[in-house]
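Note sheet for the following structure.
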Amino acid sequence: MTGYDAVLFDSDGVLVEPPAAETQAAATRAAFRDVGVDDVAQQHVDAIVNGVTVAQLHEVCTDYDLEPTTFWDARERHDERSQFERFRDGTRDRYDDVTTIADLSQNRGVVSNNHHSTIEFVLDAFDLESLFDTYYGRPKTIESLRVKKPDPHFLERALADLEADSALFVGDSESDVVAAHRAGIDSAFVRRRHCRDDVLSVAPTYDIETLSALPDIVEE
């Protein structure tokens, strides 16, 4: 008997390498230039890149007398384009151990804070569509920021799709672990190179080095 009905995965940092900070910063600066701001403070670039909230976005836009939706549309467009370019030129790649997912008997899904369109791109570019039964990224809207993880919104939608009573969510950040807890499911924190030494304030159900550990965990 399997231990879980379903296994859900984050994308960036779990299935594929995460975007580089400098790539995200460059895309953000390009967005500011698109809306007429050539000289933007580094603190505002950092705010946009590092998990901006709706309130923070409005504060930044107020400082530059920008209409938030206009700026955010530009930011999302440049951010998406920069990610596609890095995947296409090989700067970002799929992790080798993703092949392990094919060995799992459970239904599987992807839940990411990245754009839904970017998750579609990743699954297609790396021939991963067959591994997953459902997937969710966020729409490229300001309102989508309210339901990013650690909010469990998209986790709960994926669980409903898979009709799962018990599930494991595999992530690479504290927000992933918190989102799993809020959704009432177990979590596995995978220690990729970028989060190898992270100290979490909330304990995951499992702390693993590689996705190769999953078959033994989910079939317990």
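Nothing in this text is a laboratory measurement; each read-out follows from the coordinates by a stated rule. All values derive from a computational prediction rather than experimental measurement. Methodologically, a virtual Cβ is constructed for each residue, glycine included, from the backbone with ideal geometry; neighbour enumeration extends over all protein chains shown.
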Put +1 on the Cβ of each Lys and Arg and -1 on the Cβ of each Asp and Glu in the range 21-88; which of GLN24, VAL45, PHE87 then has its Cα farthest toward the positive end of the dipole? PHE87
Counting sequence-distant residues (5 or more places) and residues on other chains, those with an amide H built under 5 Å from that of ASN107 are VAL7
Of the options LEU159, LEU214, LEU200, report the single residue whose Cα projects farthest towards the positive end of the charge dipole of the chain (beta-carbon charges: Lys, Arg +1; Asp, Glu -1). LEU200
Report, by chain and number, residues whose modeled amide H sits under 5 Å from the one on TYR206, excluding near sequence neighbours (fewer than 5 apart, same chain). SER187, ALA188, PHE189
With N residues in the range 1-144, Rg(alpha-carbon) / (2.2 N^0.38 Å) equals 1.18
For the range 21-88, max minus min Cα coordinate along each principal axis, in Å, sorted largest first? 36, 21, 20
Suppose every K and R has +1 on its Cβ and every D and E has -1 on its Cβ; what is the size of the dipole of the chain about the Cα centre, in Debye to the nearest 20? 400
Starting from the Cα of ARG196, step 7 Å along the direction of its Cβ; do the same at SER212; then give the gap between the two resulting points in nm. 1.6
Quick check: from the Cα gyration tensor, does the range 169-216 come out rounded (a/c under 1.5), prolate or oblate? oblate
Can you give me the distance in nm between label points at ASP38 and ASP124, each placed 7 Å from the Cα along the Cα-to-Cβ direction? 3.7
Give the percent of DSSP beta bridges with both residues in the chain that are antiparallel, rounded to the nearest 5. 5
What number do you get for the range 50-93 when its Cα radius of gyration is normalised by 2.2 N^0.38 Å, N = residues? 1.44
Evaluate E = 1/(1 + (r/R0)^6) for ARG146 and ASP103, where r is the Cβ-Cβ distance and R0 equals 35 Å; express this FRET efficiency to the nearest 0.05. 0.45
Listed residues THR62, THR100, THR23, most fluctuating in the chain (Gaussian network, C-alpha, under 10 Å): THR62
Only Lys, Arg (+1) and Asp, Glu (-1) charged, at Cβ; the range 21-88 dipole about Cα centre in debye: 340
